[in-house]
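No value in this document is a laboratory result; all are computed from the given coordinates. The structure presented is a predicted model; accordingly, all values stated were derived computationally and were not measured. Virtual Cβ from ideal backbone geometry, glycine too; neighbours counted across all protein chains shown.
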Amino acid sequence: MAEAEATRSPWHRARLVAAVLVLGALGVAGFKVRDHFGRGESTDDAFVQGTVAYVSPQVGGRVAEILVEEHQRVQKGQLLVRIDEAELRVRLERARADVAAARNRVAEARAAAAAAEAERKGAKVERWRAERELKRIRSLRERGAASQQQLDLAQASFDAAAERVVALGLRAEAARALLGDEAPLRQAQAKLHDAELALEHARVLAPFDGVVGRKNVELGMVVAPGRPLLALIADEDLWVMANFKETQLGAMHVGSSAEVRIDAFPGRIWKGHVASFSPATGATYALIAPEPAAGNFTKVVQRLPVKIRLDGLEPREGDPPRLRVGLSAEVRVGGD
């Protein structure tokens, strides 16, 4: 039995040493984790976020061309989708014709005003002659050298000349009013500008540099204004939105240092800082805000979204991996 115990003792000693080493390693790891995350406030309710734009056309029509694919990188101003321009070009030509017609009407009004003014001047001369003739016949009538019929004819001629002067004055004034206003011409020009914009908007362009996400458009599809065609994600301006409990916010402030771990990249640490605090808790933005009935209230710790701006990886990590919107993260703020 002594020999068996002596034989087993080295194995026991080896197992004991291995167990001590494992426990020691676990203790060191636990100490590092505690030392790293035990200070400050941390949460794993955090996600990478960025600018996501759902690109939509401003005019309706049939999709004539799609020039990008999903997950393709694009530059600001790059053509993404083109709407069929045939109908829009017809609309543009019609608007141009309406502008030309409006200009012609303005020119006609200008000519009419000039003609009416010239006729009015001639009518004034006729009125002056008729007035002189009326005075002469009236004088002859007083001396008995002219009949009542001659006097009546002279009076009628003068009245007609005077009415013609008034009518031509009103016609000239109306023509000048049209020239001064030029509302039909401005309206036609506005429609022309609208048609030009519609033709320009048939080309759906990228609003910023980014990557095409989900694409909801196919060739030949008839789309309406405002219908989302594809999602465009700007991957150069990303941040992390961390939802901290309200009880963790006491020591935080804008500018507080932060460390971010992304679940997709174990072992990598991003340095950052608190950029801003949401003005309301996450529950406030829900479609149906929670309103517990009186007498049946259960207090729930609320979470407040905190925006974390990323400054970059720790120097020892090398080139930072490319992040994606929506990735899960763990954030620690403060405790330096």
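At an R0 of 51 angstrom, the distance between the Cβ atoms of Asp44 and Gln189 translates into a FRET efficiency of 0.25.
Since only Val125, Val106, Leu170 are under comparison, the one whose Cα sits farthest along the positive direction of the charge dipole of segment 88-198, derived from C-beta charges on Lys, Arg, Asp and Glu, is Val125.
Kirkwood radius for segment 88-198, taken over all pairs of different Cα atoms as the inverse mean of 1/r, rounds to 17.2 Å. So which of Lys191/Lys215; Lys271/Lys307; Lys215/Lys307 end up more than 23 Å apart by C-alpha? Among Lys191/Lys215; Lys271/Lys307; Lys215/Lys307, the Cα-Cα distance tops 23 Å for Lys191/Lys215; Lys215/Lys307. Among Val260, Val52, a tally of other beta-carbon atoms within 10 Å of each Cβ gives an order, fewest to most, of Val52, Val260. Computed from point charges on the beta carbon alone (+1 for Lys and Arg, -1 for Asp and Glu), the dipole magnitude for segment 134-265 about its Cα centre is near 1340 Debye. Extension gain for Gln78-Val90 works out to 1.8 nm (0.36 nm per residue, less the C-alpha to C-alpha distance). Per-residue Karplus couplings for segment 252-267, computed as 6.51 cos²θ - 1.76 cosθ + 1.60 with θ equal to phi - 60°, are listed in order as 8, 7, 4, x, 4, 5, 9, 10, 10, 10, 9, 4, 6, 10, x, x Hz, Gly and Pro entered as x. The modelled label-to-label distance between Glu108 and Val166, using points 7 Å beyond Cα along the C-beta direction, is 2.8 nm.
Neighbour counts of other Cβ atoms within 10 Å put Trp128, Trp270 in the fewest-to-most order Trp128, Trp270.
Hey, fewest Cβ within 10 Å first, where do Val106, Val55, Val306 land in order?
Fewest-to-most Cβ neighbours within 10 Å comes out as Val106, Val55, Val306.
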